[in-house]
1. Using only the Cα atoms of the stretch B:331-413, what semi-axes does the equivalent ellipsoid have when each is the square root of 5 times a gyration tensor eigenvalue? Give whole Å, largest first.
2. I need A:Tyr414, A:Tyr385, A:Tyr371, B:Tyr310 ordered by Cβ neighbour count within 10 Å, fewest first.
3. Within the stretch B:9-35, which residues have the backbone N less than 13 Å from the label spot 7 Å out from A:Ile393 along Cα→beta-carbon, could you tell me?
4. Can you work out the FRET efficiency for the pair A:Phe18 and B:Arg49, with r the C-beta to C-beta distance and R0 = 56 Å, to the nearest 0.05?
5. Please compute the average number of Cβ atoms from other chains found within 10 Å of each residue's Cβ in peptide A:113-122.
6. Can you classify the stretch A:4-135 as rounded, prolate or oblate using the Cα gyration tensor, where a ≥ b ≥ c are the square roots of its eigenvalues, rounded means a/c under 1.5, and otherwise it's prolate if a/b beats b/c and oblate if not?
7. Beyond a 19 Å Cα-Cα separation, which of these cross-linked pairs lie in this structure: A:Lys222/A:Lys419; B:Lys281/B:Lys322; A:Lys262/B:Lys353; B:Lys193/B:Lys234; A:Lys262/A:Lys293; B:Lys266/B:Lys353?
8. Label-point separation (nm) for A:Arg121 and A:Arg335, each offset 7 Å from Cα along Cα-to-Cβ?
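No lab work stands behind these numbers, since they all come straight from the coordinates. None of the values given here were measured: they were computed from a predicted structure. Note that each Cβ is placed from the backbone with ideal geometry, even for glycine, and that neighbours are counted across all protein chains shown.
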Amino acid sequence: MKTFLITSVVGFNYFVGFYYGIVNLFYTMLLTIATASILAYIRKIKYLPLRELQFSPEVPPVSIIIPAHNEGETLFRTILSALNVNYPDSEIIVINDGSTDGMLDRLIRKFNLRRIDLVYRSFLKTMPVRGFYYNKDIPNLIVVDKEQGGKSDALNCGINVCRSPYFCTIDADTMIESDALLRLMAAVMESTVPIIACGGVVRVSNGCTIEDNKVTVINLPKKWLGLFQIVEYLRGFLFGRVGLDNLKGNLVLSGAFSMFEKQAALEVGGFAVNNVCEDMEIIVRMHKHMRLKKAPYAIRFISDPVCWTEVPSTIRAMGRQRRRWHLGLIQTMMRYKTMLFNPRYGKTGLLAMPYYFFVEMLSPVVEVVGYVSITVAYFFDMINYDFFMLFLILAIFYGAFLSVTGVFLEELTYRRYPKWQHLFTLLFFGILENFGYRQLNSLWRFQAFFQYLFGKQQWEYSRKHRGDEKREHIDGNIVRSLGAARP
Amino acid sequence: MTDRLMEILYHGTGIELMLVSIIGGIGFASLVLLLVSVSRRLYNGHKYRLLDELRKYYLPSLREMALAGKISAQDIANLRARPRSAKWIAIEDTLFLLLQEDGNRSFVGPLFERLGYLAFYRAMLSRRNPITQAAGISKLGMLKDTHSAARLLEMLDKNDPEIIVAAVRAFCEIGEVALFPKFFDALSTLLDKRSVTMKIIEASLSMAGREVTPVLLQSGRTCKDPRIVSAILKVLGDASADNSVYEFALSNLGHRDPEVRAKALKVIAACEDSVSACSHKTWYRLLKDPVWFVRLQAVRAVGKQRCKEYTEEISSLVLDEKWQVRNAAAEALTGLGEDAVEIFLKILKSSDKYAKESICEVLQTTGFVERLLSLLEKGLTTHGSSMYEIFKIMASLGFTSQLSDYLNKTEDRSIAVIIDLAQHETAQEVSRVLPIPPGLPSRRIRTELRSAS
C-alpha cells in the first residue's frame, strides 16, 4: 500500500511537470503569435478609414443591447456612452430585466420616456415583455420592460426587438469608447469571410477619471485587487485572445462587449438561459452550427476597440465572479464534449476545444492537486529538494514572465497607461501576482468543480454597486450573470 | 542559496541543469522586456516631444506659403528631409493639416510631390511586406495621386486582401475617371474570387465624390455584372440623385437580379414625383414582386411619394407574409391621411392578427393616431365613427399608450369619453352603449356615434 501511494504521488508529480511543460509551451507559442500579430495590426490601424466610415451610409446599422437588472447610476453612464458613439446608424436597446428597485422609473425620468406599444415578435422565446418606452427626441433609444428571466433572456429579448443586421451586447456597467463600434464594424466590412461574431478589449475602469460618460484620465486603482486584475486583463486580452484568434481558436468573446450578426444568432437560437457564461456558450454553439452547416464563417477578436468596465474590488465578490466564470466554462465544455478531438469541427474540435478543456478547464485541478501532492512528496522525502525548489522557481518565473509580457505588449502597442509609475506598478504586480493571487484564483476555479459536480441548484448572481457586489439568490435554473467581463 | 546553485551547476543531473537554464533564460527574457519597455518609453517620449516642436515650427511658415500660393526653391531645399525622420513626419503631418483647410489643395498637393513624399510612397508599392504596401497605397489615395491610379489597378491582381482593400479604397479616393471601366472589370473578378466585399466596394465608391457620377452611370449602363450595377445604384441612391441617375434607375426596374431592382427602387424613391412618371404596369409588377425586399422597396417608394392610385395594391401588402413589408405598407397608407382610415378599419376588422398588429404599431410610431385625435378634436373629420372603431380595436389589441396619454392631457371631455370608452369597454359593452353612449356632451360626437351604430 505504501509503495502504491509513493508511486502514485511521484507519478502524479511527474504528470504535473509534464502538464506544466506542455501548457507553457502552448503559452509561449501563443505569445509569439500574438506579439507578431499585434505589431502588424498596429501598423494597419494607422490607415483604417475610420473618419470616412463614420459618415458613410454604407456602414451597416447596429443595435446596442444593454441588459440591466437593478442597476444604479452606472447604467445611465453606459447608456449615454452608447448614445455618444461615433457611428452613422446605431440604436440602443435597454432591457429592464424585471428590476425591483425602481430602475425603470429612474430611466423613465432620466430620459423623459413615454410608453409606446410595439409589436413584440418572439423569434426567440423569452419571458413576457411588459412594455416599451421611448422618447421621440432620442429616437435611437428604446427601453424594454420585461419580466425577470436572466441576462441571456434579456439579451434574447433585445435580439427580438432589434431591427439591425448586427447587434452589440454591452454590460450595464461598461462604457464603450466612441470609436469602438466603428472599429469592430471596419473589420466586419473588410473580411471576405463573413464575420458572425467579434469582440474587442475590455479594460479596467477602476481608478480612472470618468467625465461626460467617458474615461478622460487613465489611472490605476488604489486597491491591490484592481491592480492584479489589470495585469490579468492585459495578459488575457493582448496575448491570450489575440494568439487564439490567429489560430482561429477563440471560444470566448467577452459578454461585456461583443458584436454579433443577428441572423447567425437567430439561427443558433440566441443565448442559452441555462448556462452561467452565456457569452462563451453561444460562441461554441456558433462554431458547432457553422461547422456542421459547412458554411464559411469567422469569429474574431479585434485588439483595438475598447470598452471600460468596473471590476470587483473585494475578495468575496471576485471569488464569486471567478467561480461563476469557471462554472460556465465547465458547463460549456461538458455540453459540447462531443466536439473534442472531433475532426468534423476542424480547428475548433482539434485545437480550440482541447485547449479550453485541458488547459483552461483542468488547470486549476492540476495546480491545486499539484501543490498538495508536491508538498506531501517534499515532506515525506519522496522528492529531491533541489528539484522541488527549481521547479517552484521555474513556475514563478514563467508566471511572472507571462504577466510582464502582457504589460510589455501594452507598452509596445496601445500605451494606455501614460505615467512611468503606471508601468512600474503594473510590472511589479505582474511579478507579485504569482505569490498568492494566482493560487487564490486557482482555488476559486477549483471550487467551481464542486458546484458543477454536486449540482448546486441555487445559482448565485452578483450585482455590482460602486465596485462591490451583493450576493443574492434566485431559485431554479434561472441564471444571473450580470457581473463583470472575463479577461 | 548561491552555494546550492553552484552545486547544481557543477554536480546536478541533466534535468536539473535544464531547469536552471530555462529559469535563466526566462529571467533574461523578462529583463530584456523590461529594458525594452523602459527604453521604448524614453525613446517615444523624446520622439513625440520633438514632433510636437517641429509641427509647431513648420505650421506657420507653411501656412504663410500656402496663403501666398508660392514657394521658392530655397524653401523646398529647406523642407526636404530624410524619409521617416522626425522632420519628414512633422512636415507631412502639417501638410495634411493644411490639406484639410479649404483652398489649400492646389498648393499642398504639388508640394507632396516636390518634397519626395509621393515618390517614397510609390516606392512602397514595390516592397514585399503587404502591410507596407497597403500603407503606401493608402497614403497615395489620401494624397489623390492620379499618377498612381494605373499602378493601383495593377495592385488589384495581388492575392492579399489587405492590399486589395487598400487599393480599392485608394483608387476610389483618387477618382481617376478614365480608369473606372477597367476598375469595374477588375472588381467583378475580385468578387468572384471573394477577395473583396460588397460593403467595401460600396463604401469606397461613396468616397469617390460627385465627380465620378457620370462615369458610374456609364459603367453601370455597360456593366453586365449585377453586383457591380447594384453597388453603383446603392452609391448613387445614397447621394442626391439627379435626372440621369433617375433614368438609370428606371432602366433597371426590370432587371433580372432582385438586388438591382431593389436598389433601383431606392433611387426612384429618393427622386421627387418619380413614381408617377413610371407606368402603372411596372408598379403593379414591382408591388407584387416574388422577392420580398423588392416589394418592400416598391411599397416604400410608392408610400414616400403618396401615390393614391396604388392604394389597393398597398392595402393588399398589409397582409404580406413578411412583417417588414406589412409595416412598410401600413406606413405608406398613413401617407394618404384621413383617406386611409376606412382602409385601416377594413383590415383591422379582418382576422389576420399580424396585419392588425402591424397597422396598430405603425399608427402609433408614425404619429397617425395623434393626427386622427387632432382631427377629431377640431371636428374636421367625416370619419369620426371609423376612428372610434380603430381606437377600439387598437385598445383591444393592447395598443393603448397614446390613447391614455391623450386622455391625461386633453381638455375636450367629449373626445376623452370616447377614447375612454374605446379603451375600457369590451366589444359587447361598447355595442350596448353605442346607440346613445352615456355622458357624451357633444352633439357632434353623439350624432356620429349614432350613425355608426
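1. 19, 15, 11
2. By the 10 Å Cβ count, ascending: A:Tyr385, A:Tyr371, A:Tyr414, B:Tyr310.
3. Taking a point 7 Å out along Cα→Cβ of A:Ile393, the residues of the stretch B:9-35 whose backbone N falls under 13 Å are B:9-10, B:12, B:16-28.
4. Numbers: r = 51 Å, r/R0 = 0.91.
E between A:Phe18 and B:Arg49, to the nearest 0.05, is 0.65.
5. Details: counts 0, 3, 5, 7, 15, 7, 15, 2, 3, 0.
Across the residues of A:113-122, the mean count of other-chain Cβ atoms within 10 Å is 6.
6. It comes out oblate by the Cα gyration axes.
7. Too far apart for the 19 Å limit: B:Lys281/B:Lys322; A:Lys262/B:Lys353; B:Lys193/B:Lys234; B:Lys266/B:Lys353.
8. 2.6
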